[in-house]
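The values are calculated or read from the model by the stated rules, or taken from the named source; none is laboratory data. Predicted, not measured: the structure shown is a model, and the values here were computed from it. For the accessible areas, the whole protein counts, side chains as well, though only heavy atoms, and no ligand, DNA or RNA atoms are used. Shrake-Rupley method; radii C 1.70, N 1.55, O 1.52, S 1.80 Å.
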Amino acid sequence: QVQLVESGGGLVQAGGSLRLSCVASGRTFSVSTMGWFRQAPGKAREFVAAIRSSALGAAYADSAKGRFTISRDNALNTVYLQMNSLQPEDTAVYYCTYKFGSEYYEPDYWGQGTQVTVSS
């Protein structure tokens, strides 16, 4: 019903920046929440950030606050994650998510993921 395609992952040195993008297609709705989860090797999948379609509310994990910024372009059905001051601990597969409505933490759809690797 909804397809999500991430891009922008790659290899970066500690202290560097990356900008992830995710485009939603298919049967999307005006009231929705898009965001990002990540999963590092040997760790559980964890919430990173999410934003409502109104763009007036966003949520961040404690590890992301002050370093990551989530934004979206409703006309393009695209969500972005600007990641600054990256650390090796940020190395993970980052998954784009989509939720009908305005709830942050229980996505309805998942993308395939994009790898982010931060070298020390």
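The phi torsions of region 31-38, fed into the Karplus equation with coefficients 6.51, -1.76 and 1.60 and a -60° offset, translate into couplings of 9, 7, 10, 10, x, 9, 10, 9 Hz, rounded to whole numbers, with Gly and Pro shown as x. Our summary gives region 67-109 a relative contact order of 26 percent, counting only alpha carbon pairs under 8 angstrom and 6 or more residues apart. Rolling a 1.4 angstrom probe over region 30-82 with all protein chains present gives an accessible area of which 49% lies on carbon and sulfur atoms.
Average accessible surface for the chain: 51 Å² per residue, computed with a 1.4 Å probe over protein heavy atoms with every protein chain in place.
Note that region 90-100 has calculated 3J(HN,Hα) couplings of 7, 4, 5, 8, 9, 10, 7, 10, 9, 9, 5 Hz, one per residue in order, obtained from phi through the Karplus relation 6.51 cos²θ - 1.76 cosθ + 1.60 (θ = phi - 60°); glycine and proline are x. Here the contact order of region 1-61, divided by its residue count and restricted to Cα pairs under 8 Å and six or more residues apart, works out to 24 percent.
Under the criterion of Cα pairs below 8 Å and six or more residues apart, the relative contact order for region 18-120 equals 32 percent.
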